[in-house]
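Chemist: Provided herewith is a single structure, encoded as C-alpha cells, for subsequent inquiry.
The values are calculated or read from the model by the stated rules, or taken from the named source; none is laboratory data. Please read these numbers as outputs of a predicted model, since none were measured by experiment. Glycine gets a Cβ as well: all are built from the backbone with ideal geometry, and neighbour counts include every protein chain shown. Side chains are part of the model used for accessible areas, which takes the heavy atoms of the whole protein and leaves out ligands, DNA and RNA. Shrake-Rupley method; radii C 1.70, N 1.55, O 1.52, S 1.80 Å.
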Amino acid sequence: MSSKKGIRQQYINIFIISLLIAVIGMGSMYAYVKSSWSEMEEEQQETFEKAQLVEKISNSVQDLFFRIRGYYSFQIESELNAAYQAISDIHSYSREFNALSLTAEERRIISEIDNYLIEYENSTLPKAVQFVENNDYEGLRNLAKGGANLSVNRFIQYANEYNMKTKKSLTQSYDQTKKQTNVFFLLITLLGFTFLLIPIYMVWNVMNRVVRPVENITQAANEYQAEGTILFQPLTREDEIGALSQAIYKMMERIQSDEQELLSQNEELITQQDELFNRQTKMEYALSEARFTRVRLERMNGLSHLLSFSLDKQEVCNQTSDYLNATYQPDLSFIWFPKSDTHSLKGISEEHFSEIKRARLDYIKLRLETEPYFIIKREADYERGIAENTTFVYDFVAGIYNSSNELTIISILSRIGKPFTEDDQGDLYGLLKRIAISLDRIEQYELISHERQLNQNILDNINEGIRYVSCIDEQDKYNATLFELLGMEPETEDRLWPRDEWVEYFLSQIDDPDQYRAFLEETIDPANRELGHKIYSINKLSESSRFMNVYSVPVIINDEKVGTIFVHRDITHEHEVDRMKTELVSTVSHELRTPLSSILGFSELLLNKEMDENRQKRYLETIHSEANRLTALINDFLDIQRMESGRQTYSMEEVSVADLAKQSIDALLVQSDQHYISLHDLTCTSTVIADADRLTQVFTNLLNNAVKFSPDGGNIKVTLLNQQDSVIVSIEDEGIGIPAERIEHLFEKFYRFDNSFNRKIGGTGLGLSICKEIIKDHNGEIWVDSEIEVGTTIYFSLPIKPELPDHSIDDKKPLIIIVEDDVNIALLLGEELSEKGFSIVHHDTVDKAFTCIEEMLPVAVVVDLKLSDHESGWDLIRQMKAHEIVAAIPIIISSSIEKEPHLIEKFHINGYLTKPYPIHDISSVVLQAINRTDGKILYPENT
C-alpha cells in the first residue's frame, strides 16, 4: 500500500492546506486593519495638532489686544511688554502651523494673520503707542476706526469655526473607526465560520472513511464470537482500514481452523487442573499442619526455657496459661497453685473463681485422689448461645500432688462443643507435671533464699563484725556491721571486695599492719585448727582511735577445714573504761591522800607536841580546810552519781543569772589576788527558772577552772547577753588553752587532757561533767572555745522566763501593736513607746497579730520582717492592705533586713527603721505616722 494513499497522509495534507489558508487570511486581514488604523490615527493626530495651534493663536491674539487695551488705559509698560511677547508667541505658533500639511483655506487664513501682525507690529502699534504717549486719544480712536482690526476679528471667527469643524471631524473619524471595527469583526466571524467548516469536514470524512468501516468490522467480530460463523466480507480499500479488514478476516479463518484443536486441548487442561487442585489441597493441609506443629514447638520451647530458669511463680502461671489457651483453645480456663494462691484466669472473673474454690474444690480433690485427670461432659446452658441443637461442654480437670501428698497444681480447661482427645489429655497432664517440677524448684529456691537472707540479717544485726575466709577459693563473706565498724564501703551486687584488696585496705587503717598480717596468715592456714585472737586499733584523722578485738574460729566440715571465721568486736568503750578506772584510781588516790596526809600530820602534831595557842589554831584551821576539801570531793562524787541515775532534785524558782554571777565572782575574789575578774551584763533580762544553788555551783566550778588554768594570772571576763529567748553566759580566761582534739572529751567524767600538767594543778576531772548535767537539766547547753597559749572561753545558755511589760490596755491611750519574735527587742520597743503614752500589745506570729489588729484597730503597727517559723512580716502587711477596714492603719517596719524600695512604695509603708537604730527613733517615727482619716495628727499623752 502506497504511503500517499494512506489515511494518515491524507489527513496530514488536509491539515497543512487548512493551516496555510488560515495563516494567509489572518495575515492579510491584520495588514489591512493595521494600515487603515495607522492612516486614521495620523489624520486624527494632525487634525488635533492643528486645532491646538489654532486655539493657541486665537488665545494669543486675544491676549495681545487685552494687554494693548490695558496699556491704552493705564499706560503700564509691563502690559506693553506682555503685548510684544504675545506677538512673538503668535509668530512662533504660526510657524508651527505652516509646518503642517494645510489646505488652501488654512494657508490663506494663516497668511492673512501673519501679514496683519507684521503690519500691526511695524506700523499700527507704534502709532498707537505714540498717541498714548502724547495723550492723543482722539487720534487713537480714529486709528481704531480705520479697519485695522477686521483681519483679527475674521481670524477669531475662523478659529472658532475651525474648532467646531475639528470636533466634527474627530466625531466623523470616530464613527468611521467604529464602522471599520464592525467590518473587521464581521470578517473575523466569517473567517471563523470558514475555519470551522474544515474540522466539520474532517470529522465527517473520519466518520465515513474510518469509524463506519471499523464499526462494521466490530459487528462482524461480535457475530463471529456469538455464532462461530464468518459473515464478514473484507474491504478492498488500499488504506489502513482495508488492511485491517483483510487481517481480521484472515484471523477469523485461522481461529476457526484452530478452534477444534483448542477445544481438545482445553478438555485435557481441565483434567490436569483438577488433579493439580487436589494435590494443592493436600499440600496446603500438610503445610498447615507443619506450621501449626512449628508454632506449637516454638511455644513449647519458650515455655520449657521459662520453666527451667524462671523464679517467678506468677510469671510461670501466666505463661503456662497463655500456652494452654493458644495451643488447646479452651473457651474458659484457669490454672491455680494452691500453696501460694497464684492463679491465671481466662473468661472467669475473680468472684466466680472464688466461688469455684468454695463450692467445688472438695469434689475436685475427691476425684483427683483416684485419678490424675478426668473429663466432665455436661449439657451447655448459657454457653450454648444462639445454637438451636443440644450443645455439650467438655471440662478437662487435672491436678498434681507433690511428694508430701500436697495438691500443688489444679487446672481446668473448658471447651464448648469440642471434646478433648486422648492425646490432648495426655499432653496436658504431662505438661502440668513439668510445671509441678518447675514449681518445686522455685519453692526450693525461695526457701534457700529466705534462709540465706535470714542468716544474713542475723549476721548484719549483731554488734560484732564477722568475716568468713574460705579455704576452697570461694568469695569471702562479710556482714554489714563489719563494714560499719571499720568505716569501709559495704559490698553491693555491683561492687564486691576481692580478698587481697580488702586486706590491703584494712591493713592501711590499723596501727600495726605487719603484726596483724602475720596473725591473719597463721589463722587461715588450712593446717591450723586452733582458736586465736588479736587486739588492734584503727587510727583515722577524722576521729579518735578505736580499739578492736578480733578472734578467729576454724570451720571444720567432715574433718576438713573449709574456712575461718573472724569476729571483730569494738572494745573501745571497755578500753576507755579501763583507762578511766586507772585514771580515777590515780586521781582519787592523789586527791584523797593529800588532804588526809595534812589532817593526819597536823593532828599528830597537836596530839604529841606542846605548842602555843596561835600555832594550834593555825593547825586546826588547816585541818578544817583539808576536811572541807575532802567533803567537796565526796560531794562531787555523790552529785555526779545522782545526776546520772536521775535522782538529782532541783528547787526551781525565778532567779537572776546576773545576780548569781556577781555573787560567785565576789566569793572568788576573796581567794584570788592574781586575777582580775570583770562582769559585763548586756542583757535586758536575765531572769530564769532555775535552782539557784546549782547555778552557783556551775559558776563556782567554771570560775575555779578559769583561775586554776591561768597559773600566771590575767583577766577573767564574765559576759551575759540575750539571744532570742535565752541568756548566754561566757567565762573567758587568758590561760594555757586546750588542744582542739581534746575539747570534745572535756565534759566526760574524770577526763583530764594532759596528766602531767593536771597533776601540777590538781582536780578530779568531775567539775565540767557536773556543770554539763546541771545545765542539761535546766534545758540549756554548754560548750567550749579554746586556743593553745591564748585562753579558753566556756559558754552556757539558759532559757529565760518569757516576760513582757504588763501594760493594761487603756482605751484613752492610743494602741500600738508590736509584731516581733525577739523578746528582748519587743521589751525595748514596748518600754520606749509606753513612756510616750501608748498602750502596747505584742505578738510574734502573723495570724495572731492580724486577728488582734482586726479586733482592736490600733493607731499604728510596728512589724519585724523576719519572724519565727519562717514567717515574714510582708505576709502580715499584704493581709492588712487587702483588708478594707485596716488598710489605712500606718505601718512602721523595724527590721535588720535592708530596705526594698519597690515593696515600700507598693504597700505605702509609713516608716522603715533598720536595726540597730537609736531606740528613741521608734517613738519619733510612730508620732509622725499616726495621721488619722480626719487629717489630724494624734499626739499621745506623756505620762
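Chemist: Mind ranking 98-106, 831-839, 517-525 by how tightly packed they are, going by the mean number of other C-beta atoms within 10 angstrom, highest first? Numbers along the way, then the final one.
Modeler: Values: 98-106: 11.4, 831-839: 18.8, 517-525: 15.9.
Order by mean packing, descending: 831-839, 517-525, 98-106.
Chemist: Taking the Cβ of F699 as the center, what net charge do the other residues with Cβ under 12 Å away carry, scoring Lys and Arg +1 and Asp and Glu -1?
Modeler: Cβ neighbours under 12 Å give a net charge of -1.
Chemist: Let me ask you something else. Quick one: what Rg and Dmax do you get for the stretch 815-930 from the alpha carbons, in Å?
Modeler: 12.7, 34
Chemist: Let me ask something else about it. With all protein chains present, how much of the accessible area of the stretch 408-557 (probe radius 1.4 Å) comes from carbon and sulfur, to the nearest whole percent?
Modeler: 51
Chemist: For the pair K866/K339, report the inter-label distance in nm, with labels modelled 7 Å from Cα in the Cβ direction.
Modeler: Distance between label points: 6.7 nm.
Chemist: Also, quick follow-up: Any aspartates and glutamates with Cα under 20 Å of the K282 Cα? List them, leaving off those in the same chain fewer than 8 positions away.
Modeler: D274
Chemist: Could you pull out every one of the lysines with an alpha carbon less than 16 Å from that of K848, ignoring same-chain neighbours closer than 8 positions?
Modeler: Qualifying lysines at Cα under 16 Å: K866.
Chemist: On to the next question. Sorted by packing (mean other beta-carbon atoms within 10 Å per residue), highest first, where do 50-61, 261-272 land?
Modeler: For the peptides 50-61, 261-272, the packing ranking is 50-61, 261-272.
Chemist: In addition: Expressed as a whole percentage, what fraction of the accessible surface of the stretch 81-139 belongs to carbon and sulfur atoms when a 1.4 Å probe is rolled over the protein heavy atoms?
Modeler: Taking all protein chains in place, the stretch 81-139 shows 47 percent carbon and sulfur surface.
Chemist: Rounded if a/c is under 1.5, else prolate if a/b is larger than b/c, else oblate: which is the stretch 809-854, with a ≥ b ≥ c the root eigenvalues of its Cα gyration tensor?
Modeler: Judged from the Cα gyration tensor, the stretch 809-854 comes out oblate (a/c at least 1.5, b/c at or above a/b).
Chemist: Additional query: Beyond 13 Å, what share of the Cα-Cα pairs of the stretch 303-365 remains, rounded to the nearest whole percent?
Modeler: The calculated P(r) of the stretch 303-365 puts 66 percent of pairs beyond 13 Å.
Chemist: Probe 1.4 Å, all protein chains in place: accessible area of T582 in Å², nearest 10?
Modeler: 100
Chemist: Continuing with the same structure: Kindly flag which residue pairs out of K365/K433; K812/K881; K813/K915; K377/K418; K581/K776 have an alpha-carbon separation exceeding 22 Å in this structure.
Modeler: K812/K881; K813/K915; K581/K776
Chemist: Sticking with this one: If the cut-off is 19 Å between C-alpha atoms, which lysines fall inside it for K617, apart from same-chain ones fewer than 8 positions away?
Modeler: The qualifying lysines are K609.
Chemist: Sorting check: for 871-880, 604-613, 420-429, 203-212, which peptide has the highest mean count of neighbouring beta carbons within 10 Å, and how do the rest follow?
Modeler: Working: 871-880: 19.1, 604-613: 9.5, 420-429: 14.1, 203-212: 12.3.
Going from most to least packed, we get 871-880, 420-429, 203-212, 604-613.
Chemist: Follow-up question, since we're still on this one. Along the Cα→Cβ direction, 7 angstrom out, place labels at M856 and E530. What is the inter-label distance in nm?
Modeler: Those two pseudo-labels are separated by 8.6 nm.
Chemist: Now for a different question. Quick one: if the Förster radius is 45 Å, what FRET efficiency do I376 and H450 give, using the C-beta to C-beta distance and rounding to 0.05? Before the final figure, lay out each step's value.
Modeler: Details: r = 39 Å, r/R0 = 0.86.
Step by step, r from the Cβ atoms, then E = 0.70.
Chemist: For S651 and D440, calculate 0.36 nm times their separation in residues minus their Cα-Cα distance, and state this gained length in nm to one decimal.
Modeler: 68.8 nm
Chemist: Here is a further query. Kindly provide the pair-distance distribution of the stretch 48-101 built from C-alpha pairs, with 5 Å bins from 0 and whole-percent values in order of increasing distance.
Modeler: Taking all Cα pairs of the stretch 48-101, the binned fractions are 5, 23, 26, 18, 12, 9, 5, 2, 0 percent.
Chemist: Here's a follow-up. Let me make sure I get this right: for the stretch 310-448, a, b and c are the square roots of the gyration tensor eigenvalues over alpha carbons, sorted descending. Under 1.5 in a/c it's rounded, otherwise prolate if a/b > b/c, else oblate. Which is it?
Modeler: Values: a/c = 1.82, a/b = 1.77, b/c = 1.03.
Because a/c hits 1.5 or more and a/b exceeds b/c, the stretch 310-448 counts as prolate.
Chemist: Compute the accessible area per residue over the stretch 310-448, keeping the other protein chains in place, probe 1.4 Å, unit Å².
Modeler: 54
Chemist: While we're on this one: With a sphere of radius 10 Å drawn around the Cβ of I716, what net charge do the other residues whose Cβ falls strictly inside it have (Lys, Arg +1; Asp, Glu -1)? Walk me through the numbers on the way to the answer.
Modeler: Numbers: positive: K717; negative: E732, D733, E734.
Result for the local shell: -2.
Chemist: Using a 1.4 angstrom probe, figure out how much accessible area the stretch 815-930 has per residue, in square angstrom, rounded to the nearest whole. Walk me through the numbers before you get to the answer.
Modeler: Working: 5210 Å² over 116 residues.
Normalised by residue count, the accessible surface of the stretch 815-930 is 45 Å².
Chemist: What FRET efficiency do you get for E298 and N539 if R0 is 51 Å and r is their Cβ-Cβ distance, rounded to the nearest 0.05?
Modeler: Numbers: r = 65 Å, r/R0 = 1.27.
The pair E298/N539 has a calculated efficiency of 0.20.
Chemist: Kindly state, to the nearest 0.05, the FRET efficiency for Q272 paired with D322, given R0 = 56 Å and r defined as their beta-carbon distance.
Modeler: Values: r = 46 Å, r/R0 = 0.82.
My answer for the efficiency is 0.75.
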